[in-house]
Amino acid sequence: MTVITHWRALAAALLLAMAAGPARAEITDYEFRLLQGELKPGHGVIVAVQLIDKRSGKPVPDAVIFARRIDMAPDGMETMTSPIEAVPATEPGTYRFKTNLTMEGGWRLSLAAKVQGEKGTLESRLVLRAVR
């Protein structure tokens, strides 16, 4: 192989690597996790979740949560919903919501979020229990 051929091969490999761009995560590399799986029923209950990068195990701050819903689907009552609103976080990567867990039983928290710098939407359904 001549020096010119060697340099051409090296330049082609470099261009291919640059075209591929940096390695990026997939939206499936992230997940929401409940901080507490059991809460007391009542009004103004705070439900907290962490957004985790599954590759590193570290919390992910600054996600944009644009859809949230809480209902009693785990107990067969999907139409039994409660209002839910975001409240300020206490630490990066933790997302908190205030809701009314009006009765004991299983509640499903559904979230949709955009992770900064990633394509796609992270959708999550987490089940918690309201117990006395």
Roughly how many nanometres apart are two label points built 7 Å out from the Cα toward the Cβ at residue 114 and residue 31? 2.5 nm
So, by mean Cβ neighbours within 10 angstrom, what's the order for 98-110, 76-88, 46-58 with the highest one leading? 98-110, 46-58, 76-88
Surrounding charge for residue 36, neighbours by C-beta under 12 angstrom, Lys/Arg +1, Asp/Glu -1, total +3
Quick check on the stretch 25-130: of the DSSP beta bridges with both residues there, what percent are antiparallel, nearest 5%? 95 percent
Cβ-Cβ cut-off under 11 Å around residue 99, Lys and Arg +1, Asp and Glu -1: the net charge is +2
Sites residue 103 and residue 46 - FRET efficiency at Förster radius 22 Å, r taken between beta-carbons, to 0.05: 0.80
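Values quoted throughout were computed directly from the atomic coordinates according to the rules given, and no laboratory measurement underlies them. All values reported here derive from a predicted model rather than from experimental measurement. Note: ideal-geometry Cβ built from the backbone for every residue, glycine included; neighbour counts use all protein chains shown.
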